[in-house]
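The structure appears right after this line, and notes come after that.
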Amino acid sequence: MSTVQRPPSAAEALLADGTIAVIRPLEPEDRAAALDLHAVRMSEASRRMRFFGASRRAPQLAADRLCGPPRPGFLALGAWVADELVGEVDYEAETGHEDTAELALSVADAWQHRGVGTLLIEHLVHAARERGVHAIEADTLAGNLAVHRVFSDLGLPVHRRFDQGEIRVRVALDEGDEHYREAVDQRGRAADVASLTALLRPRSVAVIGASRRPGSVGRTVLLKIRQGGFNGPVWAVNPHAESVAGEPAHPSVADLPGVPDLAVVAVPPAAVVGAAQECGRAGVRALVVLTSGLDAATARQLIHACRHFSMRLVGPNSLGIAQTDRPVRLDAEFGGAFPLPGTAGVAAQSGGVGIALMERLAWLGIGVSSFVSLGDKYDVSGNDLLRWWESDGRTDLALLHLESFGNPRAFARTARRVTRKLPVLTVDAGRSAAGRRGAASHTAAAATPTVTREALFRQAGVTAARSIAELVETAALLHSQPLPGTRGTVAVVSNAGGIGILAADACTEVGLSVPTLPAGLAAELLALLPVGASATNPVDTTAAADPVELRRCVDALVRSNAVDALLVCLVPTALAVNAEQDPVRALLDAPARRKIPVAAVMISQEVPVRYLTGADGGLLPVYADSGAAARAFAHARDRARWLAEPTGPEAQAADTDPEAARRLADEFLAAHPAGGWLDPAAAAQLLEHYGLPLTTSLRAQDEHTAVVSARSLRRIGHDGKVALKAYWPGQVHKSAAGAVRTGLQRDGEVRTVYREFTERFGDRMAGVVVQPMAAPGLELLAGVVKDHVFGPLVVLGLGGTATDVLDDRSTRLAPLTERDLTTMVTDLRSAPLLLGRPGVPPVDLPAVRRVLAALSHLATELPQLAEADLNPLIAGPDGLLCVDARIRLEPLPVFDPYLRRLRRPPNTDATKER
């Protein structure tokens, strides 16, 4: 029998032109708005297309149907902009045919061709899939070209059947998932960029709270905008002044001579919401809020105002923004210097980090395309800015400092695509417990676990540095040099043997290789260098080498293809009596033409890294420390390897039954509303739905049954032996509790162990699990843990009782790709144990891949899965067998990471305020 299901939650999302719409279910109190949509906001022609005629009662009947009491098989969603219902979509399924539903769509005339219908259908598809609907159908007039275009562009398979002027459209919801996701993502990117245009390419700017007081934030920003060369109107808003810094002051936004695209807000916390509402009513499209110290109530009101009036928001607690494009030239931040124009996109949550990055980049000579101080990141995030930089036609390097992630799965998807086009670098903030506490208190957001964040960066191809200094040092190399090869081989050249050895050590310590040079190449180098030189690698040219000899040595190494990168370490000597004899001149002869990256180390320089400009205008990065240069080379190698890897499709798993798994989870949570650990039988059943290889297990609740079960299993157990495991609800670590006995061969041994368990665990023991002993093999661990911010994380590592001590694990965020199935194995320190070695065959690697793929699907298709721990998995040459599994379920809502919606900051649920 059909039941009324809980309606989906409201969500804000961007239309194609950047307008913010709220998508939510229609309710009985929305009847007047639904009637107004169909009777007033739709023309007669639109109503004819919608209702196949011009019945005057059609709008009233539609409003009654859409806003009636909840009923099984029916769902209606409305799109609201401000307080106006601009469109609705609904489906209805007949009783007994709930897998197919009839769809209807209406959009107000003034809002057509702005992405309303497509966004509504996307959200309806999400809700329909949750409710087991496999296809939606609709009758359309052949002349309704607009709705046919909506269906064609949706990204899902569409089938059409023509019949007497009408077309029956059928959309399959469980086919073409990859294509649909890409189409949704592409629409999201375009809408995001459109919404950011007023922020990053404004035609006019207002500074609200610009003060007459010298040194105040608002006044400083006003002056920097004007002095920075912004070419549009700049207005000061201050009700208590007639002018500020020579600019006329206006008492309110409403009194301005025009409507600004962007407003910079520098008022006390109590006045922020009022300023935002005033901006929204005037038609402002973007806010940068510099004010800090907003309480939770003010934060909710601020984000509500921005969403209600379709304004994108940077901040609060922001340092400001800068855009150096020549047509714009906006510097609306209160840092100490004007940003240098260039091609690096920079975003930082911390204002202090942002200032430090800007200063170091400017000193190095790397200019920025745009800079955004994200502050408390209520709305605009690193994900938004990656999309902007990807499409701005100027940015070729992205630098991020993020202390928290609001939607990491969206970030990973965007970053994975953007990093194929340009390097994306970040500072890995909050690695330590103290660092995570600092990140949480500074941004009012929960910090993320290190291992999960590292998995995110690795999968997305993001280069993660451990400090601002390392970030800038790596940026200096990536900005000026070609990428190295994937081998990670480096030739070290020095004019003093000691620093060459130190540089070689630094390279080795970060995982680079300093190989012995081929004999022919070594001989060629020795013929070019002074007597006493050595060419083994490091290459010691001796201090007697002049610039010509050094240049020839460098050119020979570059031509040889023997190494992927070249590090030249130089010390000043008294032999260089003039500039012509300075050895560094050897490196400045056409550096732009070199095919491998070259960097120099000059231990005498005072700054950590700088550029020298070659005769052809090419740049040479020069470091003060060989360790910094080696780390930069290692990051460049990692990027080269990541780019060389095929993107790979999503990992596929065979013989899965997600619907049966969801039924099992629903039944368990109905009986245990707070969630908990599955008992062994239920855990085995859930794993079976995903084809995961769990050993045969028999449950026994008394001694006699345990003995009988052991007899039946000895014939399949290794050496005729069984294992006995005590069980009780909520049990986690059996071995640590002494609840496991292995290698039992006789009935008497089983009886003795059962009695020991009974005496030790008493009434809490609910019985025992009897299993055949598995053949010896390598003990592995595989599992899933659900992070409430990042989503499910798949883990592979060495297993058994020593798994925590060995701490050898590789992790990936689900869903896994086919490539992940391989790299999760090869990333382990213990990979040689799995891959085989002389005299020892490899384990069944295809079986390991199947387990990881099945866990990935289990993690993504069962949102209630909180933990799954398969430990140990016994891996041998001929197969893989799990001998123990623990699974915990929680009543978690379904989260579709591909559904378009704006992120909701903590404690600022704006959709609840209507």
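Which residue out of A305, A286, A276 is of a type outside the set (D, E), closer than 22 Å to R904 by Cα, out of contact with any strand residue (DSSP E or B) (no Cβ under 8 Å at 6 or more places or on another chain) and crowded, with 23+ Cβ neighbours inside 10 Å?
The conditions single out A305.
Restricting the search to region 252-292, which residues are more than 16 Å from W235 (Cβ to Cβ) and of a type in the set (A, V, I, L, M)?
Those that are more than 16 Å from W235 (Cβ to Cβ) and of a type in the set (A, V, I, L, M): A270, A271, V272, V273, A276, V289, L290.
In region 541-564, which residues are open to solvent by 40 Å² or more (accessible area, probe 1.4 Å) and either under 17 Å from L587 (Cβ atoms) or within 48 Å of the chain's Cα centre (by Cα) (or both)?
A543, D546, V548, E549, R551, R552, D555, R559, S560, N561 - these are the residues of region 541-564 that are open to solvent by 40 Å² or more (accessible area, probe 1.4 Å) and either under 17 Å from L587 (Cβ atoms) or within 48 Å of the chain's Cα centre (by Cα) (or both).
Go through region 40-50 and count every residue that is under 11 Å from L141 (Cα atoms) and within 43 Å of the chain's Cα centre (by Cα).
2
Just checking, does region 688-708 include any residue being among the acidic types (D, E), over 30 Å from R487 (Cβ atoms) and at pLDDT below 90?
no
Taking the condition of being at pLDDT below 95, assigned to a helix (DSSP H, G or I) and closer than 30 Å to A198 by Cα, how many residues in region 1-58 meet it?
Going through region 1-58 one residue at a time, the tally reaches 0.
Output the residues belonging to region 301-356 that are closer than 18 Å to V264 by Cα, aliphatic (A, V, I, L, M) and more than 25 Å from the chain's Cα centre (by Cα).
L302, A305, V328, L330, A332
Do we find that G511 is open to solvent by 40 Å² or more (accessible area, probe 1.4 Å) and either basic (K, R) or free of Cβ contacts under 8 Å to residues at least 12 places away in the same chain (or both) in this structure?
For G511, the condition - open to solvent by 40 Å² or more (accessible area, probe 1.4 Å) and either basic (K, R) or free of Cβ contacts under 8 Å to residues at least 12 places away in the same chain (or both) - is not met.
When you scan region 565-574, how many residues do you find that are assigned to a loop (DSSP other than H, G, I, E, B) and open to solvent by less than 50 Å² (accessible area, probe 1.4 Å)?
2
Tell me the residue from H704, H689 that is open to solvent by 20 Å² or more (accessible area, probe 1.4 Å), more than 24 Å from V784 (Cβ to Cβ) and not hydroxyl-bearing (S, T, Y), please.
Just a single option satisfies the conditions, and that option is H704.
Out of the residues in region 355-374 that are among the aliphatic types (A, V, I, L, M) and part of a loop (DSSP other than H, G, I, E, B), state the one that is surrounded by the most Cβ atoms within 10 Å (Cβ to Cβ).
L374
Name the one entry in L828, L780 that is under 20 Å from V451 (Cβ atoms), buried (at least 23 other Cβ atoms within 10 Å of the Cβ) and not β-branched (V, I, T).
L780
Looking at (1) within 29 Å of V840 (Cβ to Cβ); (2) under 43 Å from the mean Cα position of the chain (by Cα); (3) free of Cβ contacts under 8 Å to residues at least 60 places away in the same chain, which is the one condition that is false for A775?
The one condition A775 does not meet is (3).
Report whether or not R24 is surrounded by 15 or more Cβ atoms within 10 Å (Cβ to Cβ), over 42 Å from the mean Cα position of the chain (by Cα) and of a type outside the set (D, E).
The answer is no for R24.
Can you pull out every residue in region 236-262 that is closer than 16 Å to T220 by Cβ and crowded, with 22+ Cβ neighbours inside 10 Å?
A236, V237, N238, V244
When you go through (1) touching a residue at least 60 places away in the same chain (Cβ under 8 Å); (2) open to solvent by 20 Å² or more (accessible area, probe 1.4 Å) one by one for A723, which number turns out not to apply?
(2)
Please go through region 504-527 and give me each residue that is farther than 21 Å from E549 by Cα and of a type in the set (G, A, S), ordered by number.
A504, A506, G511, S513
Restricting the search to region 188-222, which residues are surrounded by fewer than 20 Cβ atoms within 10 Å (Cβ to Cβ) and not in a loop (DSSP other than H, G, I, E, B)?
Of everything in region 188-222, those that are surrounded by fewer than 20 Cβ atoms within 10 Å (Cβ to Cβ) and not in a loop (DSSP other than H, G, I, E, B) turn out to be R189, A190, V193, A194, T197.
I'd like the residue in region 525-577 that is among the small types (G, A, S) and touching a residue at least 40 places away in the same chain (Cβ under 8 Å) and, out of all such residues, is nearest to L483 (Cα to Cα).
A565
Restricting the search to region 375-399, which residues are touching a strand residue (DSSP E or B) at 6+ places or on another chain (Cβ under 6 Å) and surrounded by 22 or more Cβ atoms within 10 Å (Cβ to Cβ)?
Within region 375-399, Y378, D379, V380, G382, L385, W389, T395, A398, L399 meet the criteria.
Please go through region 668-678 and pick out each residue that is open to solvent by less than 60 Å² (accessible area, probe 1.4 Å) and of a type outside the set (A, V, I, L, M).
F668, G675, G676, W677
Search region 821-872 for residues being free of Cβ contacts under 8 Å to residues at least 12 places away in the same chain and of a type in the set (A, V, I, L, M, F, W, C), and hand back the single one that is farthest from V789 (Cα to Cα).
Result: V840.
Given the residues A681, A651, A665, A660, which is the only one that is open to solvent by 40 Å² or more (accessible area, probe 1.4 Å), small (G, A, S) and closer than 30 Å to L816 by Cβ?
That would be A681, the only listed residue that is open to solvent by 40 Å² or more (accessible area, probe 1.4 Å), small (G, A, S) and closer than 30 Å to L816 by Cβ.
The values are calculated or read from the model by the stated rules, or taken from the named source; none is laboratory data. In this text the structure is predicted, and so the values were computed from the model without any measurement. In this analysis, Cβ positions are derived from the backbone assuming ideal geometry, glycine residues included, and neighbour counts consider all displayed protein chains. For accessibility, only protein heavy atoms count, side chains too; no ligands or nucleic acids. Shrake-Rupley method; radii C 1.70, N 1.55, O 1.52, S 1.80 Å.
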